[in-house]
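Student: Here it is: the structure, laid out below.
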Amino acid sequence: MGILDSLLDTAMSSLGGGDGQQNQAMKLVMHLVQQNGGNIGGLLHQLQQGGLGDVLQSWIGSNSNESVSAGAIENALGGHLGQAAQAIGIDTQQASGLLAQYLPQIIDTMTPNGQASDADGFGLDDVVRLAQQWLK
């Protein structure tokens with residue numbers, strides 16, 4: 001188990017857990033953030049470049065979060081998704097399904113003022129803090 005998993009596991013156990021799917025989704029996000037330079041902005045950029053710009057904007061904005069398919073997540077994240085899934089011990093299909101379900105809410109929470117710039121400088125320590133708030 002890596003340091004990211006340890007940090008997230010510690011944060012979640014202090015809260016009494018959260019469900020397994022939420023935990024896995026947060027671990028995936030942490031690994032994806034790490035793969036994108038340790039900053040949420042890198043992950044947002046990858047999603048945008050992967051064709052999810054309009055959907056991503058709905059997650060960032062104050063409107064309702066548009067849904068996204070697991071296939072669209074997998075296409076946008078490519079090999080990074082496979083690496084993150086492998087790191088937490090699930091397959092790419094499971095990972096894309098989890099992210100399709102939870103990523104809109106996670107991104108929405110990371111951008112509380114409805115601006116993508118809210119995520120600038122949002123790093124791994126912030127993801128752990130978010131996990132603590134989100135899994136309460």
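Throughout, read-outs are computed from the coordinates displayed, never taken from laboratory work. A quick note: this is a predicted structure, and the numbers were derived from the prediction, not measured. We place every Cβ from the backbone using ideal geometry, glycine too, and count neighbours over all the protein chains shown.
Student: Which order, highest average first, do 43-49, 93-99 follow once you tally other Cβ atoms within 10 Å for each residue and take the mean per peptide?
Tutor: Output ranking for 43-49, 93-99: 93-99, 43-49.
Student: Pull out the extension gain between Thr109 and Gln21, defined as 0.36 nm times the separation in residues minus the alpha carbon to alpha carbon distance; nm, one decimal.
Tutor: That pair, Thr109 and Gln21, stretches by 29.9 nm at full extension.
Student: For Gln83 paired with Gln57, estimate the spin-label separation in nm (one decimal), with each label point 7 Å from Cα along the Cα-to-Cβ line.
Tutor: The two pseudo-label positions are separated by 2.9 nm.
Student: What length, rounded to one decimal in nm, is gained on full extension from Ser67 through to Gln49, with 0.36 nm per residue of separation minus their alpha-carbon distance?
Tutor: Fully extending the segment from Ser67 to Gln49 adds 4.7 nm.
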